[in-house]
Amino acid sequence: MTPPDIKGSTREEREHFVVEAFRCISDCDNCGACQFLKGRPAEELYADYIEGRRDFREITIEIRNSNY
């Protein structure tokens, strides 16, 4: 899935993307979303993207490189 561009999407579309991208599939061995998110809600970590302030990829790189 490709994240919606901030300029060409609504807040609701961006929020829907984040929720769906990190939706729990109850198969932790094959998913890994919880580990990537470090136990925090995706909506919290991607709040700046949802609000249209920062790019999805920028936040993803920050999460990968941080010790949240």
Can you give me the angle between helix 56-65 and the longest principal axis of the chain, using Cα atoms only, in degrees from 0 to 90, rounded to the nearest 10? 30 degrees
Dimensionless Rg/Rh of region 1-59, both radii on Cα and Rh by Kirkwood, sits at 0.98
Projecting each Cα onto the charge dipole of region 11-65 (Lys/Arg +1, Asp/Glu -1 at the beta carbon, about the Cα centre), which of C28, I61, F17 comes out farthest on the positive side? I61
Positive minus negative residues near D55 (Lys, Arg vs Asp, Glu; Cβ under 13 Å): 0
Point-charge dipole on Cβ atoms (K/R +1, D/E -1) for region 11-65, about Cα centre, debye to 20: 180 debye
Can you work out the FRET efficiency for the pair R64 and D27, with r the C-beta to C-beta distance and R0 = 25 Å, to the nearest 0.05? 0.70
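FYI, it's all coordinate maths here, none of it is from the lab. Everything quoted here is computed from the prediction, not taken from an experiment. When we count neighbours, we look across all protein chains shown, and the Cβ atoms used for this are built from the backbone with ideal geometry, even at glycine.
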